[in-house]
Amino acid sequence: MDKKEVQKRVKNVVAKVLKINEAEIADDANFIFDLGAGSLQSVQLIAAFEEEFDIEMDEDKALEVQTISDSVDFIASYLE
Amino acid sequence: MTTRFKIHQKNLKKFIYPDSVAIIGANNVKGTVPHDILLNILNTGFNGKIFPVSPGEKFIAEVKAYKYVVDIADPIDLAIIVFPSSVCHLALEQCGQKGIKAVIIISAGFKEVGEAGIEREKKLKEIAEKYDMSIIGPNCLGIINTDPGLNLNASFARKMPEEGNIGFLSQSGALCTAVLDYARAKHIGFSKFISFGNKVDINEIDLLYYLGDDEKTKVILIYLEEIRDGRALMKTASDIISKRGKPILILKAGRTTAGASAAASHTGSLAGSDEICDAAFEQAGIIRCDNIEEMFNNAIAFSYQPLPENKRIAIITNAGGPGVLTTDAAIDEGLELAGFSEDTTKILKKNLPATANIKNPIDVIGDARDDRYNIAMSNTFKDDNVDGVFVILTPQSMTDIDLIAHEVVKVSGKYNNKPVYTSFMGEADVSVGIDILQRNKIPHYSLPENMCKSFACVYNFKKRSNHKALETKVFTGIDKIMAHTVLNEAIKTGRSYLPEEESVRIIESYGLPVLENGVANSKEQAVYIADKIGYPVVMKVISDDIVHKFDVKGVVLNIKSAKEVQEAYTSIRENVERLQPGARIKGIFVTKMIPAGEEVILGIKRDPSFGPVIMFGLGGIFVEIFKDVCFRVAPVGKQVASSMIQQLKTYQILSGKRGNPPRDIEAILDCIMRLSQMAVECPQIQELDINPLIVLDENKGCFVADAKIML
């Protein structure tokens, strides 16, 4: 899966979990600062990414990922 | 003054009296810090504009929310960041772009969590400096300003405190909420209440300076855990106390830190950071308190009542026992029982029952009602021999507790040039009276002992404020170049310790009295030196490996002949080889034997917060056992040096009591001041001991008998 596809699906998941318009999500948006994710939603996002991409992520490392672009790279590393 | 200090002073007005506040990272989740801070600002009637900033919300608590602070069209005076620590720098950057100069960062997750947090703080500091912003926090409770013209509770404390004239600064946020709760129960009000947390930018000195000028603040309280710049704190506090007359009370945590136990010198082992802190506060006029209760006991005395002119107190009680207890406590605190004038005595005799005690303490008897308290209070207040009145009450079945409390309020209001303190003893029954007293700003103490302690505290502050500024003397004729040459050379060669003969040279260069001496490397040389300086002499081992020479029997005293010199030379070398094998002996120090005198110790220690500190005390080999020593931050003038000598428990040994002649105190004062100058001018010296300094009788001088310097 190429990164463009990963990014598209990441944005889709984020829009659903945070209940925001997908079109408003910038490529480098910060989950907390730009998209208003709270701590509970951060955990929900990890679960949703795992389900979407059928992967199991290191939760501590996943929680350190703060932006859309970083999460695309992080998820892609599991897909390689 | 540094540039940042000036910037902070300019920006502090916007922290304390903002026209508009943005809460960045606010949310709609009740019971969370980002939500409760916004509610606190909204609910306490803040007289300014409020802008929640939240990327996920359109409205919070029915107030329009903005995605970014830069989206707000209005100017913003104060921003409060409540985002998680990982994104605070993003919010701060936008604050800078928006032109906001005052930012409180409430969020935790910085220095207190380790390396990652330290890096985050660095980033905040860089951004603040880039935009000339000032930051309070992070990891703090926030700010409260009770000024009725503003009403700002920009904190996550549960309730707004009452208005008052006490300014409170705290490094701990959690302690603040406990203090607010404690104070609310006692109707203690605040002018400003500021939690400054990790002090990444603004620190206690910036805030202290601001409160020093704040018209609404009469008393300043500070809770501190860490002092980074002790000298600046001393200077700021001293200026505020002397120029503004505002008392500063500090509760400094960390009394039990045992940082000095492994030190190589006597001074190092005796001068723990807490002892130095005590001394520095005392010098600056800061009142150090041991706990919150003591701090507020003193604070209400300063806050509610005039300062007493003198220390003569009148005690009015309806119970004999508490009257005696109060008398004992008052005397213990150095107060005096007032002797009443003839007029007062006559009126009391005429108007109180025959069974009443009309002498001080006045016992109005157990069945006393408000009228007797009125008579006793009114007439003692009017008496010129009285400087303050203590009112004590115990709850008998006929005691009108509430009426008596009202009477205290009424009478003290009429004679408001003298302080009145109260102790309604008990708990449940007296609570109604205590509440009346506290609501009416009459200092109340559950124990009379605490009442006496607080009066003494206030009186001592007043007494001290009458003193002129203390001056220090700068001695001329000092061979500073020689001292620096020896010290720098030693440092250059990697040495951490100067043995006696080199230490003595440096001490001598600052004009302290040392005895004629020489270094011998053979018996013959020792005899030659002893013959030259005259008998009796003292001989001591010189070795970089030996710190305490007596412990290895490396000292022989009172040597009276050439033969004894030769014997001493051999025995010292043999003792050292036996008791500390491997110690490198550099020679034997031969010096004049000093006539018998009193042994005192002088020392220097360099403290990370307060810089060079001077120690003085009872000397000799038992100095660490008796611990009769005291400290002052250098430079030390004659008055302060004199206070050091008088502070010793064994002062009377020096001043000549019980048939002993007085010792040469003037000579000690001269030594303390010269050593103080050395401490300031020679930063290479980390620790120094002169132990003992032998002090002879009055006008006969004193002599350095042993010394060592740690680099």
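The values are calculated or read from the model by the stated rules, or taken from the named source; none is laboratory data. Nothing here was measured: the structure is a model prediction, and the numbers come from that model. Every residue, glycine as well, gets a Cβ built from its backbone with ideal geometry; the counts of neighbours run over all protein chains shown.
On inspection, residue B:640 passes the criterion of being in a helix (DSSP H, G or I) and not hydroxyl-bearing (Ser, Thr, Tyr).
Applying the set (1) free of Cβ contacts under 8 Å to residues at least 60 places away in the same chain; (2) out of contact with any Lys or Arg (no Cβ under 8 Å at 6 or more places or on another chain); (3) away from chain A (no Cβ under 11 Å); (4) more than 17 Å from residue B:139 (Cβ to Cβ) to residue B:95 leaves exactly one unmet item: (1).
If the condition is being within 14 Å of chain A (Cβ to nearest Cβ) and on the phi > 0 side of the Ramachandran plot, then the range B:15-49 contributes B:25, B:31.
Select the strands (runs of 3 or more DSSP E) contained entirely in the range B:525-632, then report the ones holding at least 1 residues which are in contact with a strand residue (DSSP E or B) (Cβ under 9 Å, 6 or more places away or on another chain) and among the basic types (Lys, Arg).
On the way: elements: B:537-542, B:555-559, B:587-592, B:598-607, B:611-618.
Hits in the range B:525-632: B:537-542, B:587-592, B:598-607.
Only one of the listed residues (B:431, B:465) is of a type in the set (Ser, Thr, Tyr) and either touching a strand residue (DSSP E or B) at 6+ places or on another chain (Cβ under 9 Å) or over 30 Å from residue B:638 (Cα atoms) (or both). That residue is B:431.
Can you name the residue in the range B:70-86 that is buried (at least 22 other Cβ atoms within 10 Å of the Cβ) and not aromatic (Phe, Trp, Tyr) and, of all such residues, is farthest from the other protein chains (Cβ to nearest Cβ)? It comes out as B:78.
Of all residues in the range B:408-429, count the ones that are farther than 22 Å from residue B:303 by Cβ and touching a residue at least 24 places away in the same chain (Cβ under 8 Å). Lay out the reasoning, then the answer.
We begin by selecting, within the range B:408-429, every residue farther than 22 Å from residue B:303 by Cβ; these are B:425-429.
Now drop any that are not touching a residue at least 24 places away in the same chain (Cβ under 8 Å), which leaves B:425-426, B:429.
Looking only at that region, the number is 3.
Which residues, counting only those in the range B:469-503, are among the basic types (Lys, Arg) and either under 20 Å from residue B:672 (Cα atoms) or touching a helix residue (DSSP H, G or I) at 6+ places or on another chain (Cβ under 6 Å) (or both)? Of everything in the range B:469-503, those that are among the basic types (Lys, Arg) and either under 20 Å from residue B:672 (Cα atoms) or touching a helix residue (DSSP H, G or I) at 6+ places or on another chain (Cβ under 6 Å) (or both) turn out to be B:473, B:480. The condition of being touching a helix residue (DSSP H, G or I) at 6+ places or on another chain (Cβ under 7 Å), farther than 24 Å from residue B:328 by Cβ and buried (at least 21 other Cβ atoms within 10 Å of the Cβ) holds for only one of B:432, B:411, B:420, B:391, that being B:411.
Determine, yes or no, whether residue B:415 is among the hydroxyl-bearing types (Ser, Thr, Tyr) and at pLDDT below 95. Outline the logic, then answer.
Values: among the hydroxyl-bearing types (Ser, Thr, Tyr): yes; at pLDDT below 95: yes.
For residue B:415, the condition - among the hydroxyl-bearing types (Ser, Thr, Tyr) and at pLDDT below 95 - is met.
Test residue B:52 against the stated conditions and say whether it is free of Cβ contacts under 8 Å to residues at least 40 places away in the same chain, within 14 Å of chain A (Cβ to nearest Cβ) and buried (at least 24 other Cβ atoms within 10 Å of the Cβ). For residue B:52, the condition - free of Cβ contacts under 8 Å to residues at least 40 places away in the same chain, within 14 Å of chain A (Cβ to nearest Cβ) and buried (at least 24 other Cβ atoms within 10 Å of the Cβ) - is met. Given the conditions (1) over 29 Å from residue B:231 (Cα atoms); (2) crowded, with 24+ Cβ neighbours inside 10 Å, and given that residue B:698 satisfies all but one, which numbered condition is not satisfied? The failed condition is (2).
Name, by its number, the condition in (1) assigned to a helix (DSSP H, G or I); (2) under 22 Å from residue B:28 (Cβ atoms); (3) touching a residue at least 24 places away in the same chain (Cβ under 8 Å) that does not hold for residue A:9. Exception for residue A:9: condition (2). Number of residues in the range B:108-120 that are within 15 Å of residue A:33 (Cβ to Cβ) and either in contact (Cβ under 8 Å) with a residue 60 or more places away in the chain or buried (at least 24 other Cβ atoms within 10 Å of the Cβ) (or both): the value is 0.
Starting from residues that are among the polar types (S, T, N, Q) and either outside any helix (DSSP H, G or I) or in contact with a helix residue (DSSP H, G or I) (Cβ under 8 Å, 6 or more places away or on another chain) (or both), keep the ones in the range B:340-360 and report whichever is farthest from residue B:379 (Cα to Cα). Talk me through it step by step, then tell me what you get.
To start, the set of residues in the range B:340-360 that are among the polar types (S, T, N, Q) comprises B:341, B:344-345, B:351, B:355, B:357, B:360.
Of the ones still in play, those that are also either outside any helix (DSSP H, G or I) or in contact with a helix residue (DSSP H, G or I) (Cβ under 8 Å, 6 or more places away or on another chain) (or both) are B:341, B:344, B:351, B:355, B:357, B:360.
Working: B:341: 10, B:344: 6, B:351: 11, B:355: 18, B:357: 14, B:360: 12 Å.
Of everything passing the filter in the range B:340-360, B:355 is farthest from residue B:379 (Cα to Cα).
Filtered by the rule that a residue be within 14 Å of chain B (Cβ to nearest Cβ), under 25 Å from residue B:29 (Cα atoms) and surrounded by fewer than 17 Cβ atoms within 10 Å (Cβ to Cβ), the range A:19-35 gives A:19, A:21, A:24.
Listed by first and then second residue, the pairs with beta-carbon distance under 6 Å, at least 6 apart or on different chains, first residue in the range B:607-629 and in the same structural domain as residue B:641 (by TED's automatic domain parsing) and in contact (Cβ under 8 Å) with a residue 60 or more places away in the chain, second part of a strand (DSSP E or B) and of a type in the set (S, T, N, Q), are B:619/B:691. Go over the candidates B:460, B:417 one by one and state the one that is within 26 Å of residue B:163 (Cα to Cα) and either polar (S, T, N, Q) or outside any helix (DSSP H, G or I) (or both). Just a single option satisfies the conditions, and that option is B:417.
Please state which one of B:423, B:465 is of a type in the set (S, T, N, Q) and closer than 26 Å to residue B:283 by Cα. Before the answer, list the steps.
Numbers: B:423 fails: closer than 26 Å to residue B:283 by Cα.
Of the residues listed, the single one that is of a type in the set (S, T, N, Q) and closer than 26 Å to residue B:283 by Cα is B:465.
Screening B:232, B:183, B:258 for residues that are modelled with pLDDT under 95, outside any loop (DSSP other than H, G, I, E, B) and not hydroxyl-bearing (Ser, Thr, Tyr) leaves exactly one candidate, B:232.
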